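So the structure is just underneath, and the comments pick up after that.
The values are calculated or read from the model by the stated rules, or taken from the named source; none is laboratory data. Keep in mind it's a predicted model, so treat the numbers as computed, not measured. Positions of Cβ are backbone-derived with ideal geometry, glycine not excepted, and every protein chain shown enters the neighbour counts.
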Amino acid sequence: MSIDTDVLVLGGGLAGLATADALRESGRAVTLLEAQGRLGGRTHGEYWEPAGRRIDLGGTWLLPSFTESFGLLRELGIRTLDSPEPARWLTHFRDGTANREQLTLGERGELEAALARLGGFVGREPMPVSAERALESARSGDAPMSALIEDWLRATQRYLAGAPLETVDADHLLLPPDDIADPEHYRTQIEGTTRTLVTALAERSTADVRLGVGATGIARSGDRLRVATDAGPAFSARHVVVALPLNCLRDLSLEPGVLGEYAELAAAGHAGASHKDWLILDGVEEHFRVFGSHGPYGYFRSEERLADGGMLCVGLAPSADGVLGTDELQSELRANYVPRATIRARTSHNWNADRYARGTWFVPRPGQYATLDGLIAGSPRLQLVGGDLDPEFPGTIEGALRSGRRAAQHLLASN
């Protein structure tokens, strides 16, 4: 016995919600299954009692190039805000901490030369190259990369990738120079956290949303697809949109060939494994930012002065470095950045241990960037979407929304 529907969306993160939203006036019967008891996926705005406000435990920031995101937010009447301007800009590199905001004009030239050299090395290699190997190559030869530029690139990867660079595609180093030179290129966020967007999409959805129902398998059944679940009845649909994290696809029992060209990517998974900390610090007099290849965080900044005088702060670090205990972390913060700081409260969510995520945002393993564009599933009635799989904006809120909407457009055009 199975429950019939026209379109079955697996996963209630932003990609799944965007698919359902784009189909709300299509006349199709849409059912959305979400294994957790909440919507939002790896965006998770949650109220934190010590701060007296919501905080984003998962994806947060928006870039100016996120036109789909900003257009949807305007349509829904949702405002954005920017992180506060720091009064102190610090870097923490191999030579210790320093007051430094961005690269100077001369250092910017060094960065561009280093990126060109890295790109040339990657292009000449016959096989996929890791970011670590690419950086090692740039330290040799007639014009080796300076320690400053290497540390700048490593700091960028510490907060963007959060994974050992041996496991990361070298192309992940080759971001636009403007973005690398300015660590604050991620500064805009959704007012009220990403939950505001998730709630708005859920409230205007016409889909049959079922929480606590997770997909366990996908198989062909004539001209339809059959999806088994962990909550009893299976579902039968003319179209299935898989909006699950890439690292969770391996948990599904799949008929051979059903994933098509996505199978190899799904088996390997991505490397993203950042750890995101929220802290309330007492004894901090002004807003600050730390950008570091060394120290407890790759990126660490103050976000809001609370009404009681405490400073709400957020930090991103590679999970492979291990998570410092609160006493040790406080000692590190005092020794390097904020001498009189006391950690009053601390919280985080371990996305790497979360069975509904198995990692943070998409970070490509060597060779994976090149495989994202143009992948085809094993059935014309099956689509895979999400920030993990968007070739233009991988690992972002923008990629999740774009891929979800694109799936809906493809579905409507297919019959």
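Does PRO245 qualify as being modelled with pLDDT under 95 and over 30 Å from ARG100 (Cα atoms)?
Values: modelled with pLDDT under 95: no; over 30 Å from ARG100 (Cα atoms): yes.
Against the criterion (modelled with pLDDT under 95 and over 30 Å from ARG100 (Cα atoms)), PRO245 does not qualify.
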(request) Identify the single condition in (1) assigned to a loop (DSSP other than H, G, I, E, B); (2) within 28 Å of THR216 (Cβ to Cβ); (3) touching a Phe, Trp or Tyr at 6+ places or on another chain (Cβ under 8 Å) that VAL338 does not satisfy, given that it satisfies every other one. (result) (2)
(request) Hey, could you check segment 336-367 for residues that are under 30 Å from PRO126 (Cβ atoms) and out of contact with any His (no Cβ under 8 Å at 6 or more places or on another chain) and say which is surrounded by the fewest Cβ atoms within 10 Å (Cβ to Cβ)? (result) GLY367
(request) Could you pull out every one of the strands (runs of 3 or more DSSP E) wholly within segment 235-314 that has 1 or more residues that are touching a strand residue (DSSP E or B) at 6+ places or on another chain (Cβ under 6 Å) and β-branched (Val, Ile, Thr)? (result) 274-282, 288-292
(request) Would you point out the residue of segment 382-401, among those that are touching a Phe, Trp or Tyr at 6+ places or on another chain (Cβ under 7 Å) and of a type in the set (Asp, Glu), that is surrounded by the fewest Cβ atoms within 10 Å (Cβ to Cβ)? (result) GLU398
(request) Look at segment 341-362 and say how many of its residues are in contact with a Leu (Cβ under 6 Å, 6 or more places away or on another chain) and either part of a loop (DSSP other than H, G, I, E, B) or without any contact (Cβ under 8 Å) to a residue 24 or more places away in the chain (or both). (result) 2
(request) Could you tell me whether segment 25-39 includes any residue that is in contact with a Phe, Trp or Tyr (Cβ under 7 Å, 6 or more places away or on another chain), farther than 19 Å from LEU201 by Cα and among the polar types (S, T, N, Q)? (result) no
(request) Output the number of residues of segment 16-27 satisfying the condition of being touching a Lys or Arg at 6+ places or on another chain (Cβ under 9 Å) and buried (at least 18 other Cβ atoms within 10 Å of the Cβ). (result) 4
(message) Let me confirm something: among GLY45, GLY59, which residue is touching a His at 6+ places or on another chain (Cβ under 9 Å), surrounded by 15 or more Cβ atoms within 10 Å (Cβ to Cβ) and small (Gly, Ala, Ser)?
(response) GLY59
(request) Kindly provide the set of residues from segment 154-180 that are buried (at least 19 other Cβ atoms within 10 Å of the Cβ) and either without any contact (Cβ under 8 Å) to a residue 60 or more places away in the chain or outside any helix (DSSP H, G or I) (or both), ordered by number. (result) ALA161, GLY162, ALA163, LEU165, VAL168, ASP169, LEU173
(request) Of all residues in segment 28-78, count the ones that are of a type outside the set (A, V, I, L, M, F, W, C) and either part of a strand (DSSP E or B) or touching a strand residue (DSSP E or B) at 6+ places or on another chain (Cβ under 8 Å) (or both). (result) 22
(request) Report, by residue number, each residue of segment 95-143 that is over 23 Å from GLY367 (Cα atoms) and aliphatic (A, V, I, L, M). (result) ALA98, LEU103, LEU105, LEU111, ALA113, ALA143
